[in-house]
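A short worksheet on the structure shown next.
The values are calculated or read from the model by the stated rules, or taken from the named source; none is laboratory data. Please read these numbers as outputs of a predicted model, since none were measured by experiment. Cβ coordinates were reconstructed from backbone atoms using ideal geometry, including for glycine residues, and neighbour counts include every protein chain displayed.
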C-alpha cells in the first residue's frame, strides 16, 4: 500500500509541476511532433530554465542531454519528469536537480527566458531533429567552480561552458545502447541507437520506445 501511495504521490507531483506552468501564447505543440509527451517536454523546459538558462546554447543542450541519457539508462527513472524530479532521500539534499526541492516557486518569471527554454526543449525532442549529444553519453555533471569527490570515480566526457560532464563504465552509451531502454534483467535488442534524440525514439521489435510515449 505504501508503494502505491508513493507512486501516486510522484505522479501527482509530476503533473503539478509541469501543469502549473503555461506555454508562451505564441507557441503551439503540434500533435505527433515530439518524441515524448507535452508534460515531459515542459519538465525539460523547466529544467533548462532553472539549471542552464545562463549557459551558451551548446551548454544548455548538454544539460538537457544528461536528462535524456538518464531517462534511457535503467539505473534512473524512465521519463523526463521523473528524472528531473528524482529525490533519493526523504529530504531536500537527495534531489538530483536542486531547483525542484529548494522550497521556492517553480513558475518562470522571465518570460523571454522561459520562451527560449520551451523552444530549446521542443527542438531537442522533435522527431525530426538532428541535434547530436555534445556530452558523449554523460549521466552526471557539476559546475567548474566545485570539485566533488564523486567525480574522481567517473570518466570525464566533456567540458562545456561552466559544467564538466561524466559517465561511467556501466553507462548505456549511444554507441552500444539498443533501440529500447535496457533492462539489466532482460534480454536487450540488437539495433544501435543513433546519437540524436529523434532517432532514439524508433520502435524496437517488441514495440517499446526509448524516449517514452
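Odds and ends about this structure:
- Residue match in the range 96-116 (condition: in contact with a strand residue (DSSP E or B) (Cβ under 7 Å, 6 or more places away or on another chain), at pLDDT below 95 and part of a loop (DSSP other than H, G, I, E, B)): no
- Residues that are within 18 Å of the chain's Cα centre (by Cα) and at pLDDT 75 or above, drawn from the range 155-177: 157, 158, 160, 163, 164, 165, 166, 167, 168
- Residue check, residue 67 under 18 Å from residue 163 (Cα atoms), buried (at least 22 other Cβ atoms within 10 Å of the Cβ) and free of Cβ contacts under 8 Å to residues at least 24 places away in the same chain: yes
- Residues within the range 117-158 that are part of a loop (DSSP other than H, G, I, E, B) and either under 16 Å from residue 51 (Cβ atoms) or out of contact with any helix residue (DSSP H, G or I) (no Cβ under 7 Å at 6 or more places or on another chain) (or both), tallied: 13
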